[in-house]
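Colleague: Please read through the structure below; I'll follow up with questions.
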Amino acid sequence: MSQETAISVLNTAEQASNSSQARLIALVLDGVTSEHSRRSYRTGLTAFFGWIRVGVDVSGTEPAFTKALVQLYRSSLLVQGLSSSTVNLRLSPLRKLAREMADNGMLDPATAAAIERVPGVEKRGNRVGNWLMKEQANDLLNAPNSKTLTGLRDRAILALLLGCGLCRAELLRINVEDLQQREGRWVLPDMEGKGSRVRTVTVPAGVKTRIDAWLKASGITDARLFRPVSKAGELAGTEIRDEKAVWRLVMRYAKATDLGKLAPHDLRRTCAKLCRKAGGDLEQIQLLLGHASIQTTERYLGTEQALAHAVNDAIELDLN
């Protein structure tokens, strides 16, 4: 495919799912191993192609895939009031697309290099994020009904999310035989996370107890640990394929316990926060979560601000 053809592909006013744009998306995704990154890149590229389609419809012109176009797209994202993280996430797949097109002779290398130099949006300060206090975490853990099959499964799922800091995809990939003993304790060895990084996840005794209760009630002995359960309270499949099912599960119990909007990743952050508050070593938390570097874990945890004993409570201003 020539550079001119590639540019015309980007300029098409057809739907973002057409075959030409699908080939460009595939070009990017084929070079990415992480399923999380693949989803993010697909979403970002689809949004970009949709933006181009609207722009072509309005102006009647066909812009080329250049640094100027990407800068214009960046400006449009900022005008929408999107956060710096979201803007940077939308720009990342465009840089990857430029590299792949250049490597495959579809775009001039100088143009690709210029696109890669489009700056992201600087993050100012540290995002606090959302996490639970220990009492809140306990309320959530005990929200599912322990007398139903669905409740027993959900209790085990919440225990792994909060007690082991797993991501949704990791949770749903667990097989019964993955639970093994090492050095006298239960672990999930060779757990593959983001970026294909492999780690060993330690499983606290309480978490294992909940898993055992689910296995006993469900009769599951091998293959996928977690399965769908029908409204009649019976197993309804061999695996849970949709990661959103975990998100809906967390949201349902968060609502039931008046914890507000809560996502599975907030439970992973809660695990890290509680480990740190309990005196956990930063390096060990990094290994538990599978972060690439200690700096990632530090950013993830953020600076621990003592909200219960705030520094400005002690300045004793006369405010009467």
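Colleague: Relative contact order, percent, of the stretch 134-301 when contacts are C-alpha pairs under 8 Å separated by at least 6 residues?
Modeller: With pairs under 8 Å counted, the relative contact order is 26 percent.
Colleague: Another question, if that's okay. Could you tell me the relative contact order of the stretch 104-211? Use alpha-carbon pairs under 8 Å, at least six residues apart, and round to a whole percent.
Modeller: Dividing the mean separation by the residue count of the stretch 104-211 yields 18 percent.
Colleague: Kindly write out, for the stretch 107-114 in residue order, the coupling ³J(HN,Hα) from the Karplus curve 6.51 cos²θ - 1.76 cosθ + 1.60 (θ = phi - 60°), rounded to whole Hz, with x marking Gly and Pro.
Modeller: These are the phi-based 3J(HN,Hα) values: 8, 4, x, 5, 5, 4, 5, 5 Hz.
Colleague: Report ³J(HN,Hα) in whole Hz for each residue of the stretch 216-221, in order, from the Karplus equation J = 6.51 cos²θ - 1.76 cosθ + 1.60 where θ = phi - 60°; Gly and Pro get x.
Modeller: 5, 6, 8, x, 6, 10
Colleague: What ranking do 88-97, 234-243 get when scored by the average of other Cβ atoms within 10 Å per residue, highest first?
Modeller: Result, highest mean Cβ count within 10 Å first: 88-97, 234-243.
Colleague: Pulled fully out, how much extra length does the chain show between Ser40 and Val198, if you take 0.36 nm times their separation in residues and subtract their Cα-Cα distance?
Modeller: 54.8 nm
Colleague: Here is a further query. Among the lysines, select those whose C-alpha is under 21 Å from the C-alpha of Lys134, and discard any that sit fewer than 8 residues away in the same chain.
Modeller: Lys208, Lys255, Lys261, Lys273, Lys277
Colleague: Measuring from label point to label point, each 7 Å out along Cα→Cβ, what is the Thr296 to Gln284 span in nm?
Modeller: Label-label distance for Thr296 and Gln284, simple model: 2.1 nm.
Colleague: From the phi of every residue in the stretch 155-164, what ³J(HN,Hα) in whole Hz does the Karplus formula 6.51 cos²θ - 1.76 cosθ + 1.60 yield, where θ is phi - 60° and glycine or proline is x?
Modeller: Per-residue couplings from phi come out as 5, 5, 4, 4, 5, 6, 5, 7, x, 10 Hz.
Colleague: Let me ask another. What does the charge dipole of the stretch 134-301 about its Cα centre add up to, to the nearest 20 debye, if the Cβ of each Lys and Arg holds +1 and the Cβ of each Asp and Glu holds -1?
Modeller: 440 debye
Colleague: Next up: Could you work out Rg/(2.2 N^0.38 Å) for the stretch 134-301, with Rg from alpha carbons only?
Modeller: The stretch 134-301 yields a ratio of 1.00.
Colleague: Figure the gain on full extension for Gln180 and Thr150 (residue separation times 0.36 nm, minus the Cα-Cα span) and round it to one decimal in nm.
Modeller: Between Gln180 and Thr150, full extension yields 8.3 nm more.
Colleague: Okay, next question. Treat each spin label as a single point 7 Å out from the Cα along the C-beta direction, and report the Lys255 to Ala217 distance in nm.
Modeller: In this crude spin-label approximation the distance works out to 2.1 nm.
Colleague: Now, a different point. What does the charge count near Leu289 come to, summing +1 for each Lys or Arg and -1 for each Asp or Glu among other residues with Cβ under 9 Å from its Cβ?
Modeller: Overall, the nearby charge balance is +2.
Rule-based calculations on the coordinates, nothing more; no lab input. Note that the coordinates shown come from a computational prediction; the quantities given were computed from them, not determined experimentally. Please note: Cβ atoms are built from the backbone with ideal geometry, for glycine as well, and neighbour counts cover all protein chains shown.
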